[in-house]
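*Asks:* Questions regarding the structure given below will be posed in turn.
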Amino acid sequence: MVVVTYDKLPPLTIGPHERVFVLTGAGISAESGIHTFRDQNGLWQRYRIEDVASPAGWHNDASMVWNFYSQRRAQAEEVAPNPAHYALAELEAKLENRLFLCTQNVDPLHERAGSRRVCHMHGELFKSRCENAKCHTPPHEDHGVYLTHETIPNCVMCGQRLRPHICWFGEMPFELDRITRELARCDWFITIGSSGAVYPAAGFVQEVRSHGRARTIYVGPERPDNAGHFDECRLGKAGEVVPVLFA
Ligand code: APR
């Protein structure tokens, strides 16, 4: 593994038929003003995961959960994409479906920057769905803010409560089949701004390496927990490194 500051290495040279898998984490949105989870001042310093991001927390106190995600919604309404989001949107315009952009983030900043095909493996902040797993009403767009038990809306089909369309701890991330297929056929695997602490996403780099073909690169200000599995760690902020990486 090579660990260098980002300005010491040239941009990537992506061949005309090569496929690129980009995995983004909370770090890519940090420069836009959205808190990460595990840094100093990160969200998990101030909230307990089990209270606001687990099925048990939801059953225990749904209004506390909605308070948490309502605050996240209010904050996300106010922020704008940064140069890293825009660079990935430009990359999609060039590579089209040879880019697979998978994010652990629930914010809409990739879409606001112009990315059109984003795989949100941990769900989307501005969507809600029925809490009843047997109710097949699809998740729908929702910018609502629900601060008390009385204001939590009910499903129009079955009458149970609406919950945030977020993958909580203990739940299965979305679109894992598609992700697995893309990991197997990529030529470049690039993770941007993720601590490498949460699986399955933290294990994608090993999965890619098991296929033995892709070059693996990490971008962020510090080495992630899974740094040892990357060919290169380019140290720097996403907003500075990513535009250079794909220049
Ligand atoms: N540019 C790039 N990376 C940054 C920046 C920046 N400007 N600032 C911070 N980072 C990096 C940190 O060094 C850290 O490694 O972003 C990473 C953020 O890590 P986490 O807070 O753990 O976020 P993430 O890895 O996305 O978390 C994964 O955990 O709590 C769950 O579901 C939640 O999707 C989330 C998952």
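*Asks:* Quick check on this structure: which one of Thr137, Thr216 is modelled with pLDDT under 95 and more than 10 Å from the ligand (Cβ to nearest atom)?
*Replies:* Going through Thr137, Thr216 in turn, just one is modelled with pLDDT under 95 and more than 10 Å from the ligand (Cβ to nearest atom): Thr137.
*Asks:* Would you mind finding the one in Val242, Val208 that is within 16 Å of the ligand (Cβ to nearest atom) and either closer than 23 Å to Met121 by Cα or outside the structural domain of Leu101 (by TED's automatic domain parsing) (or both)?
*Replies:* Val242
*Asks:* What number goes with the only condition from (1) crowded, with 19+ Cβ neighbours inside 10 Å; (2) within 21 Å of the chain's Cα centre (by Cα); (3) within 30 Å of Leu162 (Cβ to Cβ) that Trp58 does not pass?
*Replies:* Just one mismatch for Trp58, condition (2).
*Asks:* Between a residue in region 162-176 that is at pLDDT 95 or above and any residue that is part of a strand (DSSP E or B) and within 9 Å of the ligand (Cβ to nearest atom), which pairs come within a Cβ distance under 7 Å, given they are 6 or more apart or on different chains?
*Replies:* That search, which allows pairs on different chains as well, returns His165/Gly123; Ile166/Gly123; Cys167/Gly123; Phe174/Gly123.
Okay, residues lined up against (1) among the hydrophobic types (A, V, I, L, M, F, W, C); (2) under 20 Å from Arg19 (Cβ atoms); (3) surrounded by fewer than 19 Cβ atoms within 10 Å (Cβ to Cβ); (4) under 12 Å from the mean Cα position of the chain (by Cα):
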position	(1), (2), (3), (4)
Leu99	yes, yes, no, no
Arg112	no, no, yes, no
Arg116	no, yes, yes, no
His122	no, no, no, yes
His140	no, no, yes, no
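Matching residues to (1) of a type in the set (Phe, Trp, Tyr); (2) surrounded by fewer than 22 Cβ atoms within 10 Å (Cβ to Cβ); (3) in contact with a His (Cβ under 8 Å, 6 or more places away or on another chain); (4) closer than 20 Å to Leu245 by Cβ:
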| residue | (1), (2), (3), (4) |
| --- | --- |
| Phe189 | yes, no, no, yes |
| Ala202 | no, yes, no, no |
| Val205 | no, no, yes, yes |
| Ser210 | no, yes, no, no |
| Val219 | no, no, no, yes |
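Yes/no per residue for (1) assigned by TED's automatic domain parsing to the domain that holds Thr148; (2) within 17 Å of the chain's Cα centre (by Cα):
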residue: Phe21; (1), (2): no, yes
residue: Asn41; (1), (2): yes, no
residue: Arg46; (1), (2): yes, no
residue: Glu50; (1), (2): yes, no
residue: Glu90; (1), (2): no, no
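*Asks:* Collect the residues in region 8-26 that are farther than 17 Å from Pro108 by Cβ and within 15 Å of the ligand (Cβ to nearest atom), keeping them in residue-number order.
*Replies:* Answer for region 8-26, where residues must be farther than 17 Å from Pro108 by Cβ and within 15 Å of the ligand (Cβ to nearest atom): just Leu23.
*Asks:* Please count how many residues of region 5-53 are more than 22 Å from His85 (Cα to Cα), surrounded by fewer than 16 Cβ atoms within 10 Å (Cβ to Cβ) and aliphatic (A, V, I, L, M).
*Replies:* 1
*Asks:* Exactly one of (1) farther than 16 Å from Ile28 by Cβ; (2) among the β-branched types (Val, Ile, Thr); (3) in contact with a Leu (Cβ under 8 Å, 6 or more places away or on another chain) is unmet by Thr216. Its number?
*Replies:* Going through (1) farther than 16 Å from Ile28 by Cβ; (2) among the β-branched types (Val, Ile, Thr); (3) in contact with a Leu (Cβ under 8 Å, 6 or more places away or on another chain) one by one, Thr216 breaks only (3).
The values are calculated or read from the model by the stated rules, or taken from the named source; none is laboratory data. Small disclaimer: the values here were computed from a predicted structure and weren't measured. Heads up, the Cβs are rebuilt from the backbone with ideal geometry, glycines too, and the neighbour counts pull from every protein chain shown.
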